[in-house]
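Written below as structure tokens is the structure these notes are about.
The values are calculated or read from the model by the stated rules, or taken from the named source; none is laboratory data. Everything numeric here is computed off the predicted structure, so don't read it as measured data. Don't worry about glycine lacking a Cβ; one is built from the backbone with ideal geometry, like all the others, and counts go over all protein chains shown. Protein only, heavy atoms only, side chains kept; ligands, DNA and RNA dropped before computing areas. Shrake-Rupley method; radii C 1.70, N 1.55, O 1.52, S 1.80 Å.
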Amino acid sequence: MTCDRKRGSVRYGLNAHKDESLPEHGGEKDSEDYVCYGPDRISLAVGGRTVTAPHIAAEYDLYGAVPDPLKTVKTVYSKSLAEDDERTLVGEAETVTTTTAAITCQKNVFETFPMTTCLWANHGAVGAVDFYPPAGRHPEIAEAVARTKELIATGLVEGSVNS
């Protein structure tokens, strides 16, 4: 994965900062926004055309403090993925907690292709990761959770590379 500071309106995936209880600074969220892309590209049929997209796209915000990662993940899930009019949820969401993070993953369909989305938070950051279908099927939740844990463990710094 390659991560860089988010510039302008370039964004893949979901908005990762939908928890108004997180710290604010001067009227703006006290965060640094980043986007990450997996190194491999896949072709997807979207709206009658074929587009090339990264097989993994992520967005995250670094905060000074996230007091309750599980509460934040539940809030972000309910305000973004569960309310997203463009995605159809498939099956049940699964939540996994570790000693330092909370991750909720949900299979969903955007346009015509299946994907798996994980929302996560630890004590310093909040993020969303879209796993696009490598073989026209939903990426399995267990695999998405493992890959999300890897992303969180990379240190989440600008210019980081870890695939």
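Quick notes
- Filter result (part of a loop (DSSP other than H, G, I, E, B) and of a type outside the set (S, T, N, Q)) within region 112-138: 123, 124, 132, 133, 134, 135, 136, 137, 138
- Out of 116, 75, sole residue that is among the hydroxyl-bearing types (Ser, Thr, Tyr) and farther than 23 Å from residue 63 by Cβ: 116
- Strands (runs of 3 or more DSSP E) within region 48-111 that include 1 or more residues open to solvent by 60 Å² or more (accessible area, probe 1.4 Å) and closer than 22 Å to residue 132 by Cβ: 49-54, 87-97
- Meets criteria (touching a Pro at 6+ places or on another chain (Cβ under 7 Å) and either hydroxyl-bearing (Ser, Thr, Tyr) or open to solvent by less than 10 Å² (accessible area, probe 1.4 Å) (or both)) for residue 116: yes
- In region 72-100, the residues that are among the basic types (Lys, Arg) and free of Cβ contacts under 8 Å to residues at least 60 places away in the same chain: 74, 87
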